[in-house]
Amino acid sequence: MKQRILQSLSLLAVNVILGGLALVSFYIYVFRGDPILAAVPACLAFPGIVLQPWFIAFFFLPWGPLLAPFLTTAVSVPLYLVLDWKGKLEPAKRRLNRLKSPRAIAILCAIIALLFLVGFARYIDFPSMDKGVPGTLQFTTDEMDLKLGSPRYYCLGGFIDSEWLWQVQLSQEDFDALATKLYMDPVAPDIIRGPFLSKPPYWWRPAISDQIRAYATSHFPMEGRGPDGWHAMATWNPETGVLHMWIKDNF
């Protein structure tokens, strides 16, 4: 009996981890819109879901992400006990024993390392996949007919509210026109600090110098979501013509 209880608790712990991975994957897909990054935790959770496919049904119930590990364990334990008693699990046990070999462990570690490498690459947006203008600005830029050089963007989060990073090369005339259109006013460059500078994409490297022109909408929220409405902070480098813009579009 003690062994059965320990096995049940171990399975519950595995299912809690499984639920966490599934929730992270779902969150990334819905709020970040990056299917490749979302696939990383989903791949790690995949073996557990294959062995317990009823987890999916529980996950999408009301309060499913919290209840799914417990409901899945409650179904899996008696089901696998019955299957084990009938000898139906012997082929699966033999396959699992093969995974204990050094070669199998090395292959498994290599796969996990590769998944983490892919996840990190997508987190820093390498290679950069989203070219052009973020959705929150497309109407404005199309209306103004700006000449945009090498535009790319990164979604920090998007559902009802959205948050974006945008990098583009444009002339001083176009920059001034865009700042006016977006109701952005000059601000002191020294307010451009950590939260603006330390964003994930590898290409997000705003240079701060005496020549940099910094602009922001009124009361831009440097920390947190901020009030409802459209907010932006930007720097423009007159030497390179590169604009870095951090956007928070709150419903």
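The values are calculated or read from the model by the stated rules, or taken from the named source; none is laboratory data. Treat the numbers as computed from the prediction; the structure is a model and nothing was measured. Heads up, the Cβs are rebuilt from the backbone with ideal geometry, glycines too, and the neighbour counts pull from every protein chain shown.
Listed by first and then second residue, the pairs linking a residue in the stretch 202-217 that is free of Cβ contacts under 8 Å to residues at least 12 places away in the same chain to a residue that is among the basic types (Lys, Arg) and buried (at least 19 other Cβ atoms within 10 Å of the Cβ), with Cβ atoms under 9 Å apart and 6 or more places separating them unless they lie on different chains, form an empty list. Hey, among the residues in the stretch 231-251 that are in contact with a Leu (Cβ under 8 Å, 6 or more places away or on another chain) and touching a residue at least 60 places away in the same chain (Cβ under 8 Å), which one's farthest from Pro195 (Cα to Cα)? Filtering first and then ranking leaves Gly241. Checked across the stretch 10-31, the condition of being touching a strand residue (DSSP E or B) at 6+ places or on another chain (Cβ under 8 Å), farther than 23 Å from Ile111 by Cα and either outside any helix (DSSP H, G or I) or not basic (Lys, Arg) (or both) holds for at least one residue. Of the residues making up the stretch 201-246, those that are in a loop (DSSP other than H, G, I, E, B) and in contact with a Ser or Thr (Cβ under 7 Å, 6 or more places away or on another chain) are Trp203, Pro206, Ile212, Gly241. Do we have any residue at all in the stretch 111-121 that's under 30 Å from His244 (Cβ atoms), not charged (D, E, K, R) and not in a helix (DSSP H, G or I)? So far as the stretch 111-121 goes, no, none of its residues is under 30 Å from His244 (Cβ atoms), not charged (D, E, K, R) and not in a helix (DSSP H, G or I). Whether any residue in the stretch 177-186 is surrounded by fewer than 19 Cβ atoms within 10 Å (Cβ to Cβ) and in a strand (DSSP E or B) is what I want to check. The answer is yes, given that some residue of the stretch 177-186 is surrounded by fewer than 19 Cβ atoms within 10 Å (Cβ to Cβ) and in a strand (DSSP E or B).
Here is a yes/no grid of residues against (1) at pLDDT below 95; (2) under 18 Å from the mean Cα position of the chain (by Cα); (3) of a type outside the set (Val, Ile, Thr):
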{"residue": "Phe26", "(1), (2), (3)": "yes, yes, yes"}
{"residue": "Val50", "(1), (2), (3)": "yes, no, no"}
{"residue": "Phe55", "(1), (2), (3)": "no, no, yes"}
{"residue": "Leu71", "(1), (2), (3)": "no, no, yes"}
{"residue": "Trp85", "(1), (2), (3)": "yes, no, yes"}
{"residue": "Glu90", "(1), (2), (3)": "yes, no, yes"}
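For the stretch 123-146, the set of residues classified as in a helix (DSSP H, G or I), free of Cβ contacts under 8 Å to residues at least 24 places away in the same chain and farther than 29 Å from Gly224 by Cα consists of Asp142, Glu143, listed by residue number. Taken over the stretch 113-127, residues that are surrounded by 13 or more Cβ atoms within 10 Å (Cβ to Cβ) and among the aliphatic types (A, V, I, L, M) amount to 4. Being under 26 Å from Gly119 (Cβ atoms), of a type in the set (Phe, Trp, Tyr) and surrounded by 17 or more Cβ atoms within 10 Å (Cβ to Cβ) is the requirement here; does Phe46 meet it? No: the conditions fail for Phe46. I'd like the full set of residues that are in contact (Cβ under 8 Å) with a residue 40 or more places away in the chain and over 19 Å from Cys155 (Cα atoms), limited to the stretch 190-201. Of everything in the stretch 190-201, just one residue is in contact (Cβ under 8 Å) with a residue 40 or more places away in the chain and over 19 Å from Cys155 (Cα atoms), namely Ile192. The set of residues from the stretch 49-77 being assigned to a helix (DSSP H, G or I) and crowded, with 19+ Cβ neighbours inside 10 Å comprises Phe55, Phe58, Phe59, Ala68, Pro69, Thr72, Thr73, Ser76.
Of the candidates Gly194, Gly149, Gly157, the single residue that is over 22 Å from Pro227 (Cα atoms) and among the small types (Gly, Ala, Ser) is Gly149.
Report whether or not Val187 is touching a Ser or Thr at 6+ places or on another chain (Cβ under 9 Å) and of a type in the set (A, V, I, L, M, F, W, C). Spelling it out, it is not the case that Val187 is touching a Ser or Thr at 6+ places or on another chain (Cβ under 9 Å) and of a type in the set (A, V, I, L, M, F, W, C). Among the candidates Ala22, Ala92, Ala39, the residue that is without any contact (Cβ under 8 Å) to a residue 12 or more places away in the chain and surrounded by 12 or more Cβ atoms within 10 Å (Cβ to Cβ) is uniquely Ala92.
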